[in-house]
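Since the structure comes first, as structure tokens, the remarks are kept for the end.
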Amino acid sequence: MQELRDWLAANWDPDLSLLEWRRRLAASGWAAPTWPARWGGRDLPASAASTVAKELATFGAVGPPDGVGMNLAAPTLLEHGSDELNTALLPKTLTGEISWCQLFSEPGAGSDLAGLTTHAQQADGDWLVSGQKVWNTSAHHADYGLLLARTDFDAPKHRGLTYFVLPMRQPGVEVRPLRQMNGHASFNEVFFDNARIPADHVVGEVGGGWTVALTTLAHERRVAPTGTPPGRHEGRVWREALGEALHLRAPYKWYPQRAGRVDLLVPQARAAAVTDDGVVRQEIARAVSLAWTARWTAQRAAAARKLGKPPGPEGSLGKLASSNVARAAARAHAAIARADAMLAGDDGPVHGTIAEILLSVPAVSIAGGTDEVQRNIIGERVLGLPKDPSIDTSLPFRDVPKNPEVRRR
Ligand SMILES: Cc1cc2nc3c(=O)[nH]c(=O)nc-3n(C[C@H](O)[C@H](O)[C@H](O)COP(=O)(O)OP(=O)(O)OC[C@H]3O[C@@H](n4cnc5c(N)ncnc54)[C@H](O)[C@@H]3O)c2cc1C
């Protein structure tokens, strides 16, 4: 990493604009060190990403943008995008000049994503798309959407799908924010009414969208922006970067709370003078021990990846563990704060943070695959149990029974 340190010493200039700095960082290859050199990277192994990010933070330099663009769109385009599409979109994704959202889930297609019905058909050489998506993080400020749509109702459900890059800023696209029970509005529903997609915005093959979607899903680890590193934040670059972060992160302020805030359990028990209550002690011990074992599992997985081993079952185990930790922590917080846990805002403990925890932890058991779906994956792929019976994967999608037909029987 001496090469990066030398480069930063010669090139970091806090008086540049954020865009000027990000362009300079991108041109050096350090903005995306694990990308292929031809797309602005340095061909470094996956393990280099966190090392480079740490070096940038330690030096006090602003890093590349965060969010759906870098975490989902870029890896998907790098694997499946055409040269034309990648040339048009990757450089501006790397500098943060364009932003992205993911348009997968629908009201009737969440766990059963391949059952989606938003459809696209060819017209005048372009594609016209109609239908509805839901739960779309960042759709309210995105320039482009990663869209999975049905293009063939006569093919079996996984084979009639096509993956598109949809330009969001057009009359056929309407984005409506959804307000959650914790008071924040972090997600959207998106309606398409003959929204237009240029012919060359297909990613992969027409009808081959499921394969491309699996690449996106494999990278679906974090779509909300991460925190600003501690340290010096001086100069124009940081001013603009912090402004950008404030704007992008505002809808996700509650994300730490949805993980259960295990870190607050002991301080809150002390503040409420309940540390000698046997039930409270049991609840805290349960949540903390679950959190520690989950962290060790994650560390074992990271160590295995560093050694070049393929991802194992730790992904599903980790996802399920994070739900269990969040729920156990919420129970412990309720035991500590008792009825005060229901008070929101400044009337409640920690300015309403405890109430926000109780209202936010259910999200962990749903987002990114429900607990039940994770258990199915663990059962089938880890324990080797037989697969769930399925009647709908070989029929043409048109003939797959859907809710109204099911009700008529
Ligand atoms: C906070 C949050 C953020 C999200 N962000 C995004 C986003 O950015 N982009 C996006 O596209 N989507 C997003 N989603 C959508 C999310 O992926 C879906 O909500 C999730 O996959 C579940 O789908 P569903 O809501 O349709 O529930 P369903 O799939 O209808 O499930 C209903 C219930 O049935 C159970 N179930 C379903 N199938 C099975 C089965 N085979 N075996 C056993 N039980 C089953 C489920 O576990 C659940 O309890 C988000 C959701 C949440 C809550």
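Candidates are the residues of the stretch 114-138 that are within 16 Å of the chain's Cα centre (by Cα) and modelled with pLDDT under 95; the one that is farthest from the ligand (Cβ to nearest atom) is Ser138. Evaluated against (1) at pLDDT below 95; (2) part of a strand (DSSP E or B), Thr162 falls short on exactly one condition, (1).
If you go through the stretch 93-113 and keep only what is under 24 Å from His184 (Cβ atoms) and more than 14 Å from the ligand (Cβ to nearest atom), you end up with just Gly96.
Pairing residues of the stretch 235-260 that are within 30 Å of Asn324 (Cα to Cα) with residues that are loosely packed, with under 15 Cβ neighbours inside 10 Å, at Cβ distances under 7 Å and at least 6 apart in sequence or on separate chains, gives Pro251/Ala185. Selection of the stretch 169-205 for residues being crowded, with 16+ Cβ neighbours inside 10 Å and among the hydrophobic types (A, V, I, L, M, F, W, C) yields Val173, Val175, Phe187, Val190, Phe191, Phe192, Ala195, Ile197, Val202, Val203. Entry remark, the stretch 127-151: residues being in contact (Cβ under 8 Å) with a residue 60 or more places away in the chain, closer than 20 Å to Val206 by Cβ and in contact with a Gly (Cβ under 9 Å, 6 or more places away or on another chain) number 7 in total.
Contact annotation: residue pairs with Cβ atoms under 7 Å, 6 or more positions apart or on different chains, pairing a residue in the stretch 346-369 that is more than 13 Å from Ala329 (Cβ to Cβ) and aliphatic (A, V, I, L, M) with a partner that is away from the ligand (no atom under 16 Å from the Cβ) and in a loop (DSSP other than H, G, I, E, B), are Ala355/Leu343; Ala355/Ala344; Ala355/Gly348.
Tell me, which strands (runs of 3 or more DSSP E) lie completely within the stretch 59-153 with 3 or more residues that are closer than 30 Å to Ala27 by Cα?
So the answer is 100-103, 144-150.
Is it the case that Ala57 is farther than 28 Å from Ser186 by Cβ and of a type in the set (A, V, I, L, M)?
no
Against the condition β-branched (Val, Ile, Thr), over 26 Å from Asp200 (Cβ atoms) and surrounded by 16 or more Cβ atoms within 10 Å (Cβ to Cβ), how does Thr51 come out, does it pass? So Thr51 fails the test. Note on the stretch 139-156: among residues that are of a type outside the set (A, V, I, L, M, F, W, C) and away from the ligand (no atom under 14 Å from the Cβ), the one that is surrounded by the fewest Cβ atoms within 10 Å (Cβ to Cβ) is Asp154.
The values are calculated or read from the model by the stated rules, or taken from the named source; none is laboratory data. Just so you know, these numbers come straight off a predicted model, no measurement behind them. Here Cβ is always computed from backbone atoms with ideal geometry, including for glycine, and neighbour counts include all displayed protein chains.
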